[in-house]
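Worksheet: one structure, shown below.
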Amino acid sequence: MKTPEREDGIINPVLLSSGSLRNYGLDRVFEIAARCGYDGVELIVDERTDSVHGDYLRQLAERYSIPVPVVHAPFAFLDPPGWEKDELFRLVRSVRLAEEIQARSVVLHTPFYTDRAFIRWLKEDLDQFQEKNTVSILIENMPCYRKVGGRLGRLFSIPDLADRNRKGIWKLVPDFLLPRCFPLSGLEEMSRFGRIILDTTHLGTAGIDPIAAYDRLKLRIDHIHLSNYDGREHLELRTGNLDLAAFLRHVTASGYRGGYCLEIMPEYFPADDEEHTVKLLTDNLEFIRAAIREGMTGT
């Protein structure tokens, strides 16, 4: 998606994830995204029937002048109407939906460690599938390991599961009790994919520095999900342990030309307080653009 010419020279489109407003109808999601000044919507395919109807999505995009350049394949716990649970089926349907609405990319989570068949498919067959489709498949990093104790684990500096082989007692804990939740999401494993999307919260949950991850994978990164983390996931950008302003400045200064998507938890947006929703979304959008401007000027 080409971002409209802006006076400040920003070329990176900033999208709003429809999942952030999961408590709202899709018409309202598009209307709010347009009112706040986002460049587009990243559509998460979910239980809403509207989310799988290409004709209706095109109508919304035209009505509010808000494109949908990215489709996010459904999360494992979501059941879109008429869609099977099989991950490959869902990927194919997501790609066809993207074609219908002229989206350029489909986002796909790396699989949970129990989904051995799909892990094998991604390793062996994804490249061939991509060659046959013009829609780009973007693989999203998930947390390699879960933070022990969640927010309290972060507060009290409990070691990450990733450190168990380097820190004393963790060496005694067998792998099957502390599995790598998403085994394809480490930086080395993500390097196997031609196109990826970097998620800052998932990096935080995995104990990986976002700037280090970006520098390692930047030649493959087409898109970035932005949210903060403090043991809780997908917080708004000013809340949490990640210095996302520094991250955005660094990424911009490197010459990154891809897009961003704000993806924060829907509980921040009560359906009965639209004024709060618009204010928070506008504030986060300005946070992103201000950091990008600073990265452009080196301040």
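The values are calculated or read from the model by the stated rules, or taken from the named source; none is laboratory data. Owing to the predicted nature of the structure, the values given are computational and were not obtained by experimental measurement. With ideal geometry, Cβ positions are generated from the backbone for all residues, glycine too; neighbour counts draw on all protein chains shown.
Of note:
- Residues that are among the small types (Gly, Ala, Ser) and at pLDDT below 95 were ranked within the range 217-264; the one that is nearest to Val68 (Cα to Cα) is Gly240.
- Any hit, the range 201-221, residues being outside any helix (DSSP H, G or I), more than 24 Å from Val135 (Cα to Cα), hydrophobic (A, V, I, L, M, F, W, C) and free of Cβ contacts under 8 Å to residues at least 60 places away in the same chain: no
- Any hit, the range 46-62, residues being under 16 Å from the mean Cα position of the chain (by Cα), under 30 Å from Gly82 (Cβ atoms) and part of a helix (DSSP H, G or I): no
- Taken together, the residues in the range 197-223 that are of a type in the set (A, V, I, L, M) and surrounded by 24 or more Cβ atoms within 10 Å (Cβ to Cβ) amount to 4.
- Qualifying residue in the range 265-280 (condition: without any contact (Cβ under 8 Å) to a residue 24 or more places away in the chain, within 22 Å of Ser185 (Cβ to Cβ) and not in a loop (DSSP other than H, G, I, E, B)): no
Residues are listed down the side, and each one gets a yes or a no for (1) under 21 Å from Glu267 (Cβ atoms); (2) crowded, with 20+ Cβ neighbours inside 10 Å:
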position	(1), (2)
Ile11	no, no
Ser18	yes, yes
Tyr24	yes, no
Ala33	yes, yes
Asp39	no, yes
Glu47	yes, no
Val71	no, yes
Phe89	no, no
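- When the range 94-145 is limited to residues that are charged (D, E, K, R) and touching a residue at least 12 places away in the same chain (Cβ under 8 Å), the one that is nearest to Asp50 (Cα to Cα) turns out to be Glu100.
- When the range 49-69 is limited to residues that are free of Cβ contacts under 8 Å to residues at least 40 places away in the same chain and under 30 Å from Ile119 (Cβ atoms), the one that is surrounded by the fewest Cβ atoms within 10 Å (Cβ to Cβ) turns out to be Ser51.
- Residues in the range 117-134 that are farther than 14 Å from Ala76 by Cβ and exposed (fewer than 13 other Cβ atoms within 10 Å of the Cβ): Arg120, Glu124, Asp125, Gln128, Glu131, Lys132, Thr134.
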